[in-house]
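J.: Can you keep this structure in mind? I'll have questions shortly.
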Amino acid sequence: MIAIVDYGVGNLFSLKSSFAAIGAEAVVTGEKEVIAAADKVILPGVGAFEDAAKKLRESGLAALLTELAQKGKPIMGICLGMQLLFEESFEFGAHRGLGLLKGSVKPIADVIPADLKTPHIGWNALTFTKADCPLFAYIHEGDYVYFVHSYYACDCQADTVATAEYGAPLTAAVQKGNVCGCQFHPEKSGEVGLKILRAFCEWEGNV
Amino acid sequence: MVTKRIIPCLDVKDGRVVKGVNFKGLSDVSSPVELAKYYSSCGADELVFYDITASAEGRKLFTDILTQTAAQVFIPLTVGGGINSTADFERVLACGADKVSVNSGAIKNPNLIYEAAKLYGSQCVVLSADIKRVGEQWQVFAKGGRENTGMEAIEWIKRCTDLGAGEIVVNSIDTDGVKDGFDLPLLSAVCDAVTIPVIASGGAGCIEDFITLFQTLPKVDAGLAASIFHFGEVAISDLKTTMQQAGIPARI
C-alpha cells in the first residue's frame, strides 16, 4: 500500500486516481500510523515552501518522514514535495527543509535567460543524467513530462537523475538510495507519468 | 525546451458535449469523458471543459463528469464557465480540475483573481478574455461576448496579471468562427504587454493557421480550438507532426 501524505496542501485527487489507473493501492492520509505502515510514501505539494515545511513540522510528519527515510522506506516527493526533501529553500527568505537530500531550492529566474517566462510551465523533455535510475525503467530519454514551477533544486548534482532544458538544465528528478523526487507532475504527464509511478511502485528502494 | 501546447475545448451542457462531434471509433461522441480520453490519446496537451449550463442540476452533472474525467485522464484539466467566487474554484478543484478560468466573474469582481491566486496559487488562475475591436480600440466583452464592458483590453489584461492571473486565454470575437486564422495583431499586442503564458483562441480553420501563429508570434504558448478538432477537420496528431516538421517544438 502507498500512502499519499495529506498535510493540507494541494489537490490529491489526480495523484490518487493515477495509482488506481495502474492498479496500485493508494490512500490519501495524514495519519502517522497509516503512513508508517505503508510500503511506500508519496510526499506531494503545491504552493509555498515556508507554509508547507511549517505544516510538516508542526504535524510531526517531518520527523516521521525523516525516520522512515532512514529506515529505508521508498519515499517520493512530487513538485513542492520534492523541493521539501532538500536542506533549505530561498523562496521568500531562507527556510529549512527536511534535509533528506543535499542541496537547496532557488528561483529559476536566477539561472534562465531574461526572455524566458517564469513559471516554467508546460511539457518539457527529460534528459537523463543517470539513465539507470529505477524510476526510468519504463520510459525513455526525451519523453515529455508536465512542469509547473518557479523554483528549482540546485547544488544537488550528485543525486540528480534527470534534467529539463529551459534556458538552463533544471533539476527534473532526483534519487539517492530510497529517497527520490520529481519536479514535474507524473500524475499530469499522461502515459509517461503513469509509467514513472508504476516504476516507483515496483521499486524496492535499495538501489 | 517547453513545447507549444495544443488545447481542445469542450463545451458541456447538462453533462454532454454540446457541439456535434464526428469521430469514428467513439461509442458515445457526446460523452465528455470518452472525448477527453480520445483527445488525450491523440496527443492533446491539456483540456478545457467549459460549463455552459444554467441550472443547478446541470451544474451537478458537470461536476460529476469532471470527476469521472479527472479519474481517467492524466493531463492538465482547465475548467471554465460560471466561476464567480472562490467557492466555485473550490467546487471544481475538488473534482480534479488543475486550473480554473475566470471571465465574467472577474469582470464583476476583479478581486476574485487576487483571492483565488492567494488561496490556490497563480498557476491555478487563468484569465479568459473575450475581445473585440471597437473603432480604434480592443475592448473586453462579458457574458459570452454579448455585452461590451467598454474596458480597453490590454489594460484589463495587465490589471488581471497584476492581481495574480497565471495564464491568459485571448478569445478574439472578430476571428472566432471565421476559420481564417488567429487574430495575430491582437495576440501580438497581448504578448508585448504580459510575461505570463498566452493562449490563443478563435479563428483556427486548418493546420496552417497554427503554424502561422507560432511562427509569427513565438511568444504565444498555446493554441486553443473547439469545432475544428471535434469535427475532425484538424487531427491533433497531424497538427503535432506538421508543427515538428516546421521546427515548432511539439510533444509527440
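J.: Quantify how strongly other chains surround peptide A:138-146 by giving the mean number of their Cβ atoms within 10 Å of each of its Cβ atoms.
T.: That average works out to 2.
J.: Between beta-carbons, use under 15 Å as the cut-off and find the net charge around B:Arg5, counting Lys and Arg +1, Asp and Glu -1.
T.: So the surrounding residues net to +2.
J.: Go through segment A:80-85 residue by residue and turn each phi into a ³J(HN,Hα) via Karplus (6.51, -1.76, 1.60, θ = phi - 60°); whole Hz please, and just put x for glycine and proline.
T.: With coefficients 6.51, -1.76 and 1.60, one gets 4, x, 5, 4, 5, 5 Hz.
J.: Here's a follow-up. What average number of partner chain Cβ atoms lie no more than 10 Å from the Cβ of the residues making up B:92-105? Spell out each step's value before the answer.
T.: Numbers: counts 0, 3, 2, 2, 6, 3, 9, 1, 0, 0, 0, 0, 0, 0.
If you average over the peptide's residues, the count of other-chain Cβ atoms is 2.
J.: Which of the residue pairs A:Lys117/A:Lys176; B:Lys132/B:Lys179; A:Lys16/B:Lys60 have a Cα-Cα distance greater than 24 Å in the structure shown?
T.: Checking Cα-Cα distances, A:Lys117/A:Lys176 exceed 24 Å.
J.: Under 5 Å between amide H atoms, partner at least 5 residues away or on a different chain: which partners does A:Tyr152 have, H built in plane at 1.01 Å?
T.: Here A:Lys106, A:Ile108 satisfy the definition.
J.: Here's something else I'd like to know. Considering every residue in B:113-125, what mean count of other chain Cβ atoms within 10 Å of its Cβ is obtained?
T.: Other-chain Cβ atoms within 10 Å of each residue's Cβ, averaged: 2.
J.: Cα centroid distance between segment A:9-39 and segment A:128-207, in Å?
T.: 19
J.: Can you give the Kirkwood hydrodynamic radius of chain B from its Cα pairs, in Å with one decimal?
T.: Taking every pair of different Cα atoms in chain B, averaging 1/r and inverting gives 18.1 Å.
J.: May I pose another question? Provide Rg and Dmax in Å for the protein assembly as shown, with only Cα atoms included in the calculation.
T.: 21.5, 70
J.: Okay, moving on. Could you go through segment B:66-77 in sequence order and give the Karplus-derived ³J(HN,Hα) for each residue, using 6.51 cos²θ - 1.76 cosθ + 1.60 with θ = phi - 60°, rounded to whole Hz, and x for Gly and Pro?
T.: 5, 4, 4, 5, 5, 7, 10, 10, 10, 10, x, 10
J.: Out of the DSSP beta bridges found with both residues in chain A, what percent are antiparallel (nearest 5)?
T.: Bridges in chain A are about 60 percent antiparallel.
J.: Still on this structure: For a footprinting-style exposure proxy, rank A:Ile4, B:Ile228 by other Cβ within 10 Å, fewest first.
T.: Least crowded to most crowded, the residues run B:Ile228, A:Ile4.
J.: Could you list B:Cys42, A:Cys180, B:Cys95 in order of exposure, starting from the residue whose Cβ has the fewest other Cβ atoms within 10 Å?
T.: Numbers: B:Cys42 17, A:Cys180 28, B:Cys95 22.
With the fewest neighbours first, B:Cys42, A:Cys180, B:Cys95 line up as B:Cys42, B:Cys95, A:Cys180.
J.: As a footprinting exposure proxy, order A:Trp203, B:Trp138 by other Cβ within 10 Å, with the fewest listed first.
T.: By the 10 Å Cβ count, ascending: A:Trp203, B:Trp138.
J.: While we're on this one: May I ask you to order A:48-57, B:30-39, A:27-36 by the average number of other C-beta atoms within 10 Å around their residues, highest value first?
T.: B:30-39, A:48-57, A:27-36
J.: How high is the relative contact order of segment B:5-245, given as a whole-number percent (alpha carbon pairs under 8 Å, six or more residues apart)?
T.: The normalised contact order for segment B:5-245 reaches 17 percent.
J.: Pull up the cross-link candidates among the lysines for A:Lys55, meaning alpha carbon to alpha carbon under 20 Å and not fewer than 8 places away within one chain.
T.: Here the lysines satisfying the reach criterion relative to A:Lys55 are A:Lys32, B:Lys118.
J.: Related question: Would you kindly state how much longer the chain becomes between A:His140 and A:Phe92 on full extension, computed as 0.36 nm times their sequence separation minus their alpha carbon distance, in nm to one decimal?
T.: Difference between extended and current length: 13.7 nm.
J.: In addition: What is the distance, in nm, between label points placed 7 Å from the Cα along the Cα-to-Cβ direction at B:Gln244 and at B:Met1?
T.: Calculated label separation equals 1.4 nm.
J.: Debye calculation, C-alpha points only, no solvent: report log10 I(q)/I(0) for segment A:2-202 at q = 0.15 Å⁻¹, in the same order as the q values.
T.: Log-scaled intensity ratios, in q order: -0.85.
J.: Which aspartates and glutamates, if any, have their Cα less than 15 Å from the Cα of B:Lys219, not counting same-chain residues under 8 positions apart?
T.: The reachable aspartates and glutamates, counting only those whose Cα sits under 15 Å from B:Lys219, are A:Asp115, B:Glu167, B:Asp183, B:Asp192.
Every number in this text was worked out from the coordinates using simple rules, so none of it is lab data. Everything quoted here is computed from the prediction, not taken from an experiment. Neighbour counts are summed over all protein chains in view; Cβ atoms, including those assigned to glycine, are modelled from backbone coordinates with ideal geometry.
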